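What follows is one structure encoded as structure tokens, with my remarks underneath.
Read-outs: derived from the displayed coordinates by stated rules, not from any lab. Since we're looking at a predicted model, the values are computed, not measured. Quick reminder, even Gly has a Cβ in these numbers, built from the backbone with ideal geometry, and neighbours come from all protein chains shown.
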Amino acid sequence: MTQTAALSADAAAPGCRAGCGGCCIAPSISSPIPGMPNGKPAGVRCVQLDDDNLCKLFGTPQRPAVCGDFDFDHELCGDSREEALRLIGEWERLT
């Protein structure tokens, strides 16, 4: 991961773990995403997530609003990427 990418991801949300990508994999997204015109189902990796688990659309107008509204919350994201995937996935199943 480049230092610039890490800084961009860290600036996205206080406490957000650069390279986690849990919020780009675990939840379903019903709005169109470039490359995924019908959104994405829960548990499917977003096509806009790069190899370092950073959003390729971060900071661009093409990034779906729902993605920009997703902020780090320790209760939701836990203490690790694995915990974030599990917790977000569980919330997805419950809603």
Report summary line: By the rule of no other cysteine beta carbon under 4.7 Å, the lone cysteines of the chain are 16, 20, 23, 55, 67, 77
**Report entry** For the stretch 31-48, Karplus couplings with θ = phi - 60° (6.51, -1.76, 1.60), whole Hz, Gly/Pro x
**Finding:** 7, x, 10, x, x, 9, x, 9, x, 9, x, 4, x, 9, 5, 5, 5, 8
**Report entry** Kirkwood Rh in Å, taken over the chain so that all alpha-carbon pairs contribute
**Finding:** 13.4
Requested in this report: Would you calculate the volume per residue, in Å³, of the smallest convex hull containing every Cα atom of the stretch 33-80?
Outcome: 102
Requested in this report: Could you work out the local net charge near residue 34, counting Lys and Arg as +1, Asp and Glu as -1, over the other residues with Cβ closer than 12 Å to its Cβ?
Outcome: +3
Query raised in the report: Tally Lys and Arg at +1 and Asp and Glu at -1 over the other residues with C-beta under 12 Å from the C-beta of residue 63: what net charge comes out?
Result: 0
Query raised in the report: For the chain, modelled as a Gaussian network with Cα springs under 10 Å, which listed residue fluctuates most, 52, 79, 69?
Result: 69
Query raised in the report: So what is the calculated 222 nm ellipticity per residue for the chain, using -39500 (n - 2.57) for each DSSP H run with n of 4 or more, over all residues, to the nearest 500 deg cm²/dmol?
Result: -9500 deg cm²/dmol
Query raised in the report: Using modelled amide H (1.01 Å from N, peptide plane; none on Pro or chain starts), what sits under 5 Å from the amide H of residue 33, excluding residues fewer than 5 places away?
Result: 38, 39
**Report entry** GNM result for the chain, Cα springs below 10 Å: residue of 43, 68, 21 fluctuating most strongly
**Finding:** 68
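Once you have the Cα-Cα distance between residue 30 and residue 71, take 0.36 nm times their residue separation minus that, and quote the gain in nm to one decimal. Can you show the working numbers first?
Numbers: separation 41, 0.36 × 41 = 14.76 nm, distance 1.77 nm.
Result: 13.0 nm gained on full extension.
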